[in-house]
Protein chains: 2
Amino acid sequence: MTSIRLGLVGVGKIARDQHLPSIAATAGIELVATASRSAGADGVASYRSLGEMLAGTELDAVALCTPPQVRHGMALEALEAGKHVLLEKPPGATLSEIDDLVAASGKTGVTLFATWHSRFSAATEPARRWLEGRTVERAEIVWKEDVRRWHPGQDWIWEPGGLGVFDPGINALSIATRILPEPFFLTGGELDTPENRQAPIAARLAFTDRNGLDLTADFDWRQKGPQTWDITAETSDGGRLHLSEGGKRLVIDGETVVTSEDAEYRDIYEHFVRLVREHRSDVDVSPLRHVADAFMLGRRCRTEPFHDDENAA
Amino acid sequence: MTSIRLGLVGVGKIARDQHLPSIAATAGIELVATASRSAGADGVASYRSLGEMLAGTELDAVALCTPPQVRHGMALEALEAGKHVLLEKPPGATLSEIDDLVAASGKTGVTLFATWHSRFSAATEPARRWLEGRTVERAEIVWKEDVRRWHPGQDWIWEPGGLGVFDPGINALSIATRILPEPFFLTGGELDTPENRQAPIAARLAFTDRNGLDLTADFDWRQKGPQTWDITAETSDGGRLHLSEGGKRLVIDGETVVTSEDAEYRDIYEHFVRLVREHRSDVDVSPLRHVADAFMLGRRCRTEPFHDDENAA
């Protein structure tokens, strides 16, 4: 079978750290071009824009690693050119534009893959399988990290559309929506927003499902020291699941069943190759829908100003 | 054909002003019970809760006129009891919970109808038909009313989930999503929020579609004097449509083609009867999705405090 000829748009940190090595390690797909204002990749054709790349190199697929605010236009351009499209998370700046992309991919019959990298963590699928068929009574998401460590000087994450603490929080929601056996929905929440910023620095959310699940999520970007990316769940048959380190480690009823190094992006590209071969798409907007619900239903609480340089405060 | 036996939950202003007279005027459906904490309706069984009503009277369908914050639980209870369900707008406090209701109605095979009353205004369907097949280049929504006149003393509309100026604005969005020939999506916006309130008092939104539509929406709750509920659209073939008075009046290329009194709720109940007979559902979340997108992507601007009593300011 011939390899999928891939062009990648947006050669930034996530592309260099994750996409490029994962593409290189995945059978059935090969990088043949990049489009980026800032950089290229060794040994492949380099363009300044998606349009130039589509005109200059024969491609089967395009991976978009650009910020969500400009993703729709590029995705539509690639889909209408008949290319399969892989989207970094989140798949767009709005829910409505993603609907439009799903329609466009349906029209041209190509694959659209909205990736959620945390769903490809080692523990997610084993956790989903263990919870399947069980009734979850209580669950807790605690996702706390230091924004200065992970997003130094990135002002755009505080702007409208940048999502603030939901940028990491959506990773937790992408796992929870995958592993919990019933769909859940927000009943209320609080979004702590620094008075000099647009996006929340912390959020406390309460969800339920049709069985009366008690699910809470505690997102905080002010965590010093050890970082916390934990999901716990208690089932009606007395079981207890603890997924930690963002999905690398899974403990069930006190026993460690998964502990693994990160292979998320390799699995993402393997899944993409499979989707293309099987003429399928994979677009689940539910993590972003929960974020939109939280912005719509959550109470805004003003907190102290955030300055990237702690000493400027 | 026997009439649909309907129970109505939430006998408030909208139920008395619109639902009860429209049900009485519609063939194929009859009111047999109400459930409400505050009031009943003449000549039918009256209960204090949905549960008591379901236990006490044989029903085929339930209409929910309660606030959106408590709608999901009641809708699920009715759907799981095998009743057809009609939802006042908006269909829920979150997008995610509506998905759950769609799944529940699918399981029991009953009709779920998420109403958008402005879609049943006299001008909406003629406007949709005229725009069908045309390319809209520019469109403008101007929806300006006096909150003190329409929502006197209703503090809940300013609370999280109350949606603020999007409570009327979603009516405009329900028309626009129906009449514009292509799906559109938000590119940016500003939400003016009084510093003593949670919900916006005004919003300016910009949308586009895959053809580069320039659509703006201007929602304002501070309008004195004449109230404005207008949508205009200019097409690439030089046509111009002007829908005004919230959908009662339609002018195309300078000629008045529709001017009509309000029959929205009668048409809603006729549509409900048809849906039930044809075993269909009608749930379009796109108006609420645009609102959620606006809360997620819009810039929050703080404005002066809002007091219901103007002299208190």
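So here's what we get for this one:
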item	result
Condition broken by A:K144, with the remaining ones in (1) touching a strand residue (DSSP E or B) at 6+ places or on another chain (Cβ under 6 Å); (2) within 26 Å of A:F219 (Cβ to Cβ); (3) surrounded by fewer than 19 Cβ atoms within 10 Å (Cβ to Cβ) satisfied	(3)
One residue from B:P152, B:P160 being within 13 Å of chain A (Cβ to nearest Cβ) and either modelled with pLDDT of 95 or more or closer than 30 Å to B:H72 by Cβ (or both)	B:P160
Of residues in the stretch A:6-26 being of a type outside the set (A, V, I, L, M, F, W, C) and closer than 14 Å to A:P68 by Cα, the one modelled with the highest pLDDT	A:G10
Residue check for A:G212: in a loop (DSSP other than H, G, I, E, B), more than 30 Å from B:E77 (Cβ to Cβ) and not basic (K, R)	no
A:G51 being on the phi > 0 side of the Ramachandran plot, in contact with a helix residue (DSSP H, G or I) (Cβ under 9 Å, 6 or more places away or on another chain) and surrounded by fewer than 20 Cβ atoms within 10 Å (Cβ to Cβ)	no
Strands (runs of 3 or more DSSP E) contained in the stretch A:217-302 and holding at least 1 residues modelled with pLDDT of 95 or more and surrounded by 16 or more Cβ atoms within 10 Å (Cβ to Cβ)	A:228-235, A:240-244, A:249-252
In the stretch B:267-302, the residues that are among the polar types (S, T, N, Q) and within 14 Å of chain A (Cβ to nearest Cβ)	B:S286
In the stretch A:84-100, the residues that are crowded, with 22+ Cβ neighbours inside 10 Å and under 22 Å from A:T34 (Cα atoms)	A:H84, A:V85, A:L86, A:L87, A:E88, A:P90, A:P91, A:G92
Options B:G225, B:G239: the member that is touching a residue at least 40 places away in the same chain (Cβ under 8 Å), of a type outside the set (S, T, Y) and out of contact with any Phe, Trp or Tyr (no Cβ under 6 Å at 6 or more places or on another chain)	B:G239
Condition met for B:E80 (surrounded by fewer than 19 Cβ atoms within 10 Å (Cβ to Cβ) and either away from chain A (no Cβ under 13 Å) or without any contact (Cβ under 8 Å) to a residue 24 or more places away in the chain (or both))	no
Any hit, the stretch A:104-121, residues being within 11 Å of another protein chain (Cβ to nearest Cβ) and either in contact with a Leu (Cβ under 7 Å, 6 or more places away or on another chain) or at pLDDT below 95 (or both)	yes
Failed condition for B:P181, given (1) away from every other protein chain (no Cβ under 14 Å); (2) under 29 Å from A:D100 (Cβ atoms)	(1)
Positions within the stretch B:17-48 being of a type in the set (G, A, S) and surrounded by 15 or more Cβ atoms within 10 Å (Cβ to Cβ), in sequence order	B:S22, B:G28, B:A33, B:A35, B:S36, B:G40, B:A41, B:A45, B:S46
Matching entry among A:D192, A:D230, A:D214 (being within 14 Å of chain B (Cβ to nearest Cβ), out of contact with any Gly (no Cβ under 6 Å at 6 or more places or on another chain) and of a type in the set (D, E))	A:D192
Members of the stretch B:197-206 that are within 12 Å of another protein chain (Cβ to nearest Cβ) and assigned to a loop (DSSP other than H, G, I, E, B)	B:R197, B:Q198, B:A199, B:P200
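The values are calculated or read from the model by the stated rules, or taken from the named source; none is laboratory data. Please read all numbers here as calculations on a predicted model, not as lab measurements. Cβ sites come from the backbone with ideal geometry, for glycine too, and all protein chains shown count toward neighbours.
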